[in-house]
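J.: Before anything else, here's the structure in question.
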Amino acid sequence: REDYLAGLDEVLALKRTGALVGAAAYQRALEHYKKEQYAEAEPLFQIAASESDEVSYRHRALYIRALCFEKLEKEKETVSSLKAILADAGSPYQPQAERVLAHHYLQEGMNEEALAHFIHLSESTDKKTRADAILQCAQLARQLGKRNFARKYFEDILVTPELEQWHGESQLALMSEASLDGRHGDVINYYEQGDYPLKEEPRGRRLQIAAKSYAALGAEKKSTALLRKLASISPDDLTALEASYLVLSREYRNNDEGHSRQITAFLQRFAEKHESDPRIHNARLMLAESYHEGNQYALAVATYQAIDLTHIDSQNHPGLLYRMADAQLRAGNKEAALTSFNRFIREHPNHPQISSAIVNRAEIFLEKDDPASAHDEFDRLIKQTVQGSPQEYAWAQKAVLYKNTIDTPGDDEDRLHNLGKFAECHTRLIADFPERESSKQDASHFWLGWALYRLDQFAKCISPFQQARQGKVNSLHRSSTLHLALAYYHLQKKTSLQQELDVLLRDYKDENIPRPVFA
């Protein structure tokens, strides 16, 4: 053995060229390499590569020389030797060399250079090499902002069995990019390729993205199912809160059965920890509205009062205040309702429900036997710019209030004033609301005539009474005829009086007609 090595050294000592020198250099270099004498082996492998007439020797010499530089931690020389392998036509070591070179560039942060080599390696017939290259291409392309490249290689990962452990992350990356671009159909296509394993947090994000895209595509049931699943697998964090809230919002909007119980469970789970989150207070608003719609007014009031308005959109404040006042009224707490209606009317005079609030406040005053305040509310309704039922209601209620005072003991001047106001109310009802029910119009004609008669305006009361008895209400016909007879009597119109008496005798002969009518 020693003689063999000595012979090799003698050949090399001659410093000649040719195949014999190349073979000797290769064998001697190999001996040094086996003994981990890399510094001695490297130059001999260089001689072997340049002098050998055996192609296989040249391929191996260049490759092992690169390994020597790597062992010696000579980075620059290692890179140079790897490039030499890539330039060595037909070398079977090119894939290994290119893989090492690509990872070297990656480690040095030379991402563009690394990507170029990994793209080439991704076409390798070696499954392991190809899989590693595809993975690196996807990650590098994403880092470099090459979105189309990244998408291609992440899609390749999903169909590469050797990269099974990366399927979940690649799927999520593809879904995230498609979601940001608004490509919801692609999001769902990626999602439906498989439920690949992921850790808890990215698994939640995958569900969240898919739920958003299902909703955007109109598949709300699928979206809601995923959100419900997301809420169940996530701990009590903001992701679970958001998912649960979206489910609640949809159930509330669709009026799904049992949504009140779901809102209550949501608040029990999240309210204490996330008291300052607006979604907690919006959930309370939904719950309060549900109680209100279910006629559970006391619960509705308590829930409305638990809402912090600073967390509610300001445009919802007026409606919330009105609904709370209405719930207080229906729950029987009239004083609290009055306070709330007062605030609503004061702070939101132009709100669409202002008329309803004024009506409710007026009725509270009526129940409190405060006719003066009730009159003020009815006057407020009458001044509303939009003509319609609130004004009709107000004039009718004012008429009732005035009627109740006409025959009560008191100053005669007040009685006459109230009669005049009573007549005015029915005059306005007749003139301003000609389309209302004929029975109501007939009644207003009668009461206008009645008021004018009581005011001794006998000539003016004739027409209203005549209008009243043209209707279908029998009692108005009889009462109107009686008053017409009395009015003609006061006017000393004997012919007209006789005609009214004839009507009374004809139509009401079996009824008790007051004798003064015939006097």
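J.: For the subset of segment 147-158 comprising residues that are within 16 Å of GLU112 (Cβ to Cβ) and not basic (Lys, Arg), which member is surrounded by the most Cβ atoms within 10 Å (Cβ to Cβ)?
T.: TYR153
J.: Here's a follow-up. Hand me the list of helices (runs of 4 or more DSSP H) wholly inside segment 247-335 holding 2 or more residues that are closer than 20 Å to ASN360 by Cβ.
T.: Passing ranges, in order: 278-293, 297-305, 317-330.
J.: Right, here's the next one. Here is a check on your reading of the model: is ALA210 modelled with pLDDT of 95 or more, surrounded by 20 or more Cβ atoms within 10 Å (Cβ to Cβ) and of a type outside the set (D, E, K, R)?
T.: yes
J.: Being assigned to a helix (DSSP H, G or I), more than 30 Å from GLN315 (Cβ to Cβ) and within 44 Å of the chain's Cα centre (by Cα) is the requirement here; does LEU429 meet it?
T.: So LEU429 does not fit the description; no.
J.: If you don't mind, another one. Just give me the residues in segment 338-373 being assigned to a loop (DSSP other than H, G, I, E, B) and either more than 17 Å from HIS317 (Cα to Cα) or over 30 Å from the mean Cα position of the chain (by Cα) (or both), in sequence order.
T.: Residues satisfying the conditions are LYS368, ASP369, ASP370.
J.: Restricting attention to segment 59-73, and to residues there that are surrounded by fewer than 18 Cβ atoms within 10 Å (Cβ to Cβ) and more than 60 Å from the chain's Cα centre (by Cα), which single residue is farthest from ALA131 (Cα to Cα)?
T.: Of everything passing the filter in segment 59-73, LEU72 is farthest from ALA131 (Cα to Cα).
J.: If you don't mind, another one. Return yes or no: is GLY410 crowded, with 16+ Cβ neighbours inside 10 Å and outside any helix (DSSP H, G or I)?
T.: No.
J.: LEU381 - would you say it is in contact (Cβ under 8 Å) with a residue 24 or more places away in the chain and closer than 23 Å to ARG284 by Cα?
T.: no
Per-residue answers, yes or no, for (1) under 30 Å from ASN254 (Cα atoms); (2) under 36 Å from the mean Cα position of the chain (by Cα); (3) surrounded by fewer than 20 Cβ atoms within 10 Å (Cβ to Cβ); (4) in contact (Cβ under 8 Å) with a residue 12 or more places away in the chain:
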position	(1), (2), (3), (4)
GLY145	no, yes, yes, no
SER170	no, yes, no, yes
MET175	yes, yes, no, yes
ALA215	yes, yes, yes, no
GLU220	yes, yes, yes, yes
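J.: Let me ask something else. Does ASP376 meet the test of being outside any helix (DSSP H, G or I) and among the charged types (D, E, K, R)?
T.: no
J.: Output the qualifying pairs, or none if there are none: Cβ atoms under 8 angstrom, residues six or more apart or on different chains, first residue in segment 293-315 and more than 19 Å from ASP256 (Cβ to Cβ) and at pLDDT 95 or above, second residue among the polar types (S, T, N, Q) and in a helix (DSSP H, G or I).
T.: TYR297/GLN328; VAL301/GLN328
J.: While we're looking at this one, here's another question. Among (1) in contact (Cβ under 8 Å) with a residue 12 or more places away in the chain; (2) more than 25 Å from LEU329 (Cβ to Cβ), where does GLU257 come up short?
T.: So the condition that GLU257 fails would be (1).
J.: A follow-up question, please. I'm checking my understanding of the structure. Among residues of segment 35-58 that are under 20 Å from ALA87 (Cα atoms) and acidic (Asp, Glu), which one is surrounded by the most Cβ atoms within 10 Å (Cβ to Cβ)?
T.: The extreme case among them is GLU42.
J.: While we're looking at this one, here's another question. Check off (1) under 30 Å from ASP132 (Cα atoms); (2) at pLDDT 90 or above; (3) surrounded by fewer than 20 Cβ atoms within 10 Å (Cβ to Cβ) for GLU108 and give me the number that stays unchecked.
T.: Every condition holds for GLU108 apart from (2).
J.: Would it be correct to say that LEU226 is crowded, with 16+ Cβ neighbours inside 10 Å, modelled with pLDDT of 90 or more and touching a helix residue (DSSP H, G or I) at 6+ places or on another chain (Cβ under 7 Å)?
T.: yes
J.: Of the residues that make up segment 178-189, is at least one touching a His at 6+ places or on another chain (Cβ under 8 Å), surrounded by fewer than 18 Cβ atoms within 10 Å (Cβ to Cβ) and among the aliphatic types (A, V, I, L, M)?
T.: no
J.: Restricting attention to segment 246-262, report how many residues are more than 15 Å from SER232 (Cα to Cα), over 15 Å from the mean Cα position of the chain (by Cα) and either among the acidic types (Asp, Glu) or surrounded by 12 or more Cβ atoms within 10 Å (Cβ to Cβ) (or both).
T.: Here the count works out to 4.
J.: Please find, within segment 461-471, the residue that is nearest to LYS440 (Cα to Cα) out of those that are surrounded by fewer than 16 Cβ atoms within 10 Å (Cβ to Cβ) and of a type outside the set (Gly, Ala, Ser).
T.: Restricting to residues being surrounded by fewer than 16 Cβ atoms within 10 Å (Cβ to Cβ) and of a type outside the set (Gly, Ala, Ser), the top hit is GLN470.
J.: Here's a follow-up. Of everything in segment 94-115, what is closer than 14 Å to ARG60 by Cα and assigned to a loop (DSSP other than H, G, I, E, B)? Give them in sequence order.
T.: Within segment 94-115, none qualify.
J.: Take the residues of segment 332-377 that are crowded, with 19+ Cβ neighbours inside 10 Å and hydroxyl-bearing (Ser, Thr, Tyr): which is nearest to ASN418 (Cα to Cα)?
T.: Top of the filtered list is SER355.
J.: For a quick check of your reading: which helices (runs of 4 or more DSSP H) sit entirely within segment 24-93 and have at least 2 residues that are at pLDDT 85 or above and closer than 28 Å to THR125 by Cβ?
T.: Ranges flagged: 55-71, 75-87.
J.: Suppose the filter is closer than 17 Å to ARG436 by Cβ and of a type outside the set (Asp, Glu); does ALA399 pass it?
T.: So ALA399 passes the test.
The values are calculated or read from the model by the stated rules, or taken from the named source; none is laboratory data. It should be emphasised that the depicted structure is a prediction, and the values quoted were computed from it without experimental measurement. Every residue, glycine among them, receives a Cβ derived from its backbone with ideal geometry; neighbour counts consider all protein chains shown.
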